[in-house]
Amino acid sequence: MKRVSGLMVAVLLLLGACRDEPGPSTSQASGGRTTAGVIVAMGDSLTAGYGVAIEESYPALLEKKLRAAGHPYQVINAGVSGETSSGALSRLEWVLTMKPDIVILETGANDGLRGIAPQVAEDNIRKMMTTLKERGITVVLAGMRMVRNLGPNYVARFNDIYPKLAGESDVIFMPFFLEGVAMVRQLNQEDGIHPNPAGYGKIVENLFPYVVRAIAKRGGSPAKVRP
């Protein structure tokens, strides 16, 4: 257990230490093709695809899988390495300029690493979800979990953020973004921290049903088709 907890601390340390660099603006899979709608993947280095090629990041893999299943959505990578929920909130208006139909929101792990009060992350994520819903955007909320090293009270409070918010709001909820990937050696890069292409493939496999539910929630297609 000590080894597991230590590795999870390392995961969060690197997530927090990465430079604040935006991920690629779009996945490369959508160039020149008819697009039924726009999905924006918003998050930290796990979304940006730290350490892998653009086409191997989860947003690019998700777009490819969606199109193969008959859902021709463009998936935009709006990940920023090292970002906290406060940083995500501060750039939400920029995300809205992309005119998304669906937003996959993965944020908050770096708040936990820095010992920021869980209430701050909760309030920030709630504000983002409220704004997105007011704009008629469907939200897929990706949950995160905190390491035990930070103490049982903090961990319990942090881990409660995501199910609590999902229960308050009509969002699609994925309980744990790194399910089946965290601490699995063969699914992570040599640093043992960030997913490798196979790890991102597993994330997309897990995430895919939630995104399909979001598409279905919108009636199978967005209000307008983008050429």
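Non-local amide H neighbours of residue 196 (under 5 Å, H modeled in plane, Pro and chain starts lacking H): which ones?
Those qualifying (amide H under 5 Å, at least 5 residues apart or on another chain) are 188, 189.
List every residue whose amide H lies under 5 Å from the amide H of residue 75, counting only residues 5 or more places away in sequence or on a different chain, with H placed 1.01 Å from N in the peptide plane.
Excluding prolines and chain starts, which carry no amide H, the hits are 27, 39.
Amide H neighbours of residue 83 under 5 Å, at least 5 residues apart or on other chains, H built in the peptide plane: list them.
45
So how much slack lies between residue 213 and residue 156, counting 0.36 nm per residue of separation and subtracting their Cα-Cα distance, in nm?
Result: 17.7 nm gained on full extension.
Calculated FRET efficiency, residue 186 and residue 148, Cβ-Cβ r, R0 35 Å, to nearest 0.05?
Efficiency at R0 = 35 Å is approximately 0.90.
Can you work out ³J(HN,Hα) from phi for every residue in the stretch 149-165, in order, using Karplus 6.51 cos²θ - 1.76 cosθ + 1.60 and θ = phi - 60°, giving whole Hz and x for Gly and Pro?
Along the stretch 149-165, the couplings run 4, 7, x, x, 5, 5, 4, 4, 5, 5, 5, 7, 4, 6, x, 4, 5 Hz.
Could you check the spin-label model distance between residue 97 and residue 179? Points 7 Å from the Cα along Cα→Cβ, value in nm.
Rounded to a tenth, the inter-label distance reads 3.5 nm.
Which whole-number percent gives the relative contact order of the stretch 81-227, counting Cα pairs below 8 Å spaced six or more residues apart?
20 percent
Just to check I understand the Karplus step: with θ = phi - 60° and J = 6.51 cos²θ - 1.76 cosθ + 1.60, what whole-Hz values come out for the stretch 109-120, glycine and proline as x?
4, 6, 4, x, 4, 7, x, 5, 3, x, 4, 5
Rule-based calculations on the coordinates, nothing more; no lab input. Please read all numbers here as calculations on a predicted model, not as lab measurements. For neighbour counting, all protein chains shown are included, and Cβ atoms are generated from backbone atoms with ideal geometry for every residue, glycine included.
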